[in-house]
1. Non-local amide H neighbours of Leu84 (under 5 Å, H modeled in plane, Pro and chain starts lacking H): which ones?
2. Percent of alpha carbon pairs in the stretch 80-126 separated by more than 14 Å?
3. If you take the charge dipole of the chain about its Cα centre, with +1 on Lys and Arg Cβ and -1 on Asp and Glu Cβ, which of Cys194, Ile242, Thr15 is farthest toward its positive end?
4. Taking the convex hull of the alpha carbon atoms in the stretch 134-239, what volume per residue do you get, in Å³?
5. Arrange the following residues from fewest to most other Cβ atoms within 10 Å of their Cβ: Phe324, Phe117, Phe133.
6. Show log10 I(q)/I(0) for the stretch 257-348 at q = 0.22, 0.24 Å⁻¹, two decimals, from a solvent-free Debye sum over equal Cα scatterers.
7. Let me make sure I get this right: for the stretch 17-56, a, b and c are the square roots of the gyration tensor eigenvalues over alpha carbons, sorted descending. Under 1.5 in a/c it's rounded, otherwise prolate if a/b > b/c, else oblate. Which is it?
8. Size of the dipole of the stretch 21-253 about the Cα centre, Lys and Arg at +1 and Asp and Glu at -1 on the beta carbon, nothing else charged, in debye to 20?
Amino acid sequence: MARSTAGPIDLRSDTVTRPSPQMRQAMADALVGDDVYSEDPTINMLQERVAGILGKEAALFVPSGVMGNQLCVRTHTRPGDEVLIHELGHILNYEGGSAAALAGVQLRPLRGEHGQFDPADVTDAIRPAQEHFAHSRLVCFENTHNRAGGTVWSLPRMRAVAEQAREHGLAVHLDGARLWNAHVATGVPLNAYCALVDSVSVCFSKGLGAPVGSVIAGSAEFIREARFHRKKYGGAMRQVGILGAACLYGLDHNIERLADDHRNAHILADRLRGVEGISIPHRVESNIVMLELADRGVTAADVVQALAAEGVLVGPVDRTRVRFVTHMDVDHEQAESAGEIAASVIGAMH
Ligand SMILES: *Cc1c(COP(=O)(O)O)cnc(C)c1O
């Protein structure tokens, strides 16, 4: 059953992709300058292009998705403010507590299926303007939703929530680390999602295959302020067009191919559905497959280990869940093979 080819099939995350020879060539050829002086032509081009694609006035290159989200949280809020976010949100669960540590805000978790919530959830959570309460300041979306299995917010539902937030004077941020996947999965234009929000962050280091890089976008004034915070957070870099070139390459070549990753996720899901006692708790809508193992009576740690021994790497999510993520370095055949290996290994565990 063990694979004969070199190296495991790595489905832990779409962050594990390595830059292709063509992407590396684009990086080597990049025109660069000092981006702290706003003199890196490649970064300037990237920021302009991404602002255009997302339909925002301005954009800013940042070293990571976490920093992008956190600069947006910081720029929208003042210490002591409250931010509404789904309880499974990346900003709440996977950013090292930085919203509290760096922006000084408290995060108020909202419930809902598939990482989503309704306009009424926002209304109910908004604090009255009284001295007892924090100021409700910001609502955060995540699309696709990582911890909710790569599920996609529909545009009408997102619009309804955003309008409710706006009506109450709250700002709206979109963690769009995988907004490319949402766009490819639904055909909804990127700028249609972004028109609903004041700020957005997107990642190039996941499905688009760049080694490093994220961009945030918003109004010119918002980005000016975020740029000031980027300096404070240590995210202002110098000849960083070398990284920006990889992001531009990803934009030009790797968006439409995300459909392959989505197909491969369905292949994996189809193989796994046949195994008794495991379930896929979220709709498979993009490049992530979550597996719930509780009814099988095995733990995520056991499954991660057993699959690794057979050359398939997957990520533990919690005690009884594991995550499979498809990406450009896993082809159709490997997805089939990983699905078969996983189904047979987990099917034999007890
Ligand atoms: C990956 C990811 C980020 C950014 O994380 P980094 O570790 O900085 O790459 C932000 N939000 C979501 C939803 C993500 O999946």
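Each value in this text was obtained by applying a stated rule to the coordinates, not by laboratory testing. Quantities reported herein were computed from a predicted structural model and do not represent experimental measurements. Note: ideal-geometry Cβ built from the backbone for every residue, glycine included; neighbour counts use all protein chains shown.
1. Arg108, Arg137, Leu138, Val139, Cys140
2. 48 percent
3. The Cα lying farthest towards the positive end belongs to Ile242.
4. Residue-normalised Cα hull volume stands at 138 Å³.
5. Sorted ascending by nearby Cβ count, the order is Phe133, Phe117, Phe324.
6. Calculated log10 I(q)/I(0) at the listed q: -1.07, -1.28.
7. In terms of gyration-tensor shape, oblate.
8. The dipole magnitude comes to about 280 debye.
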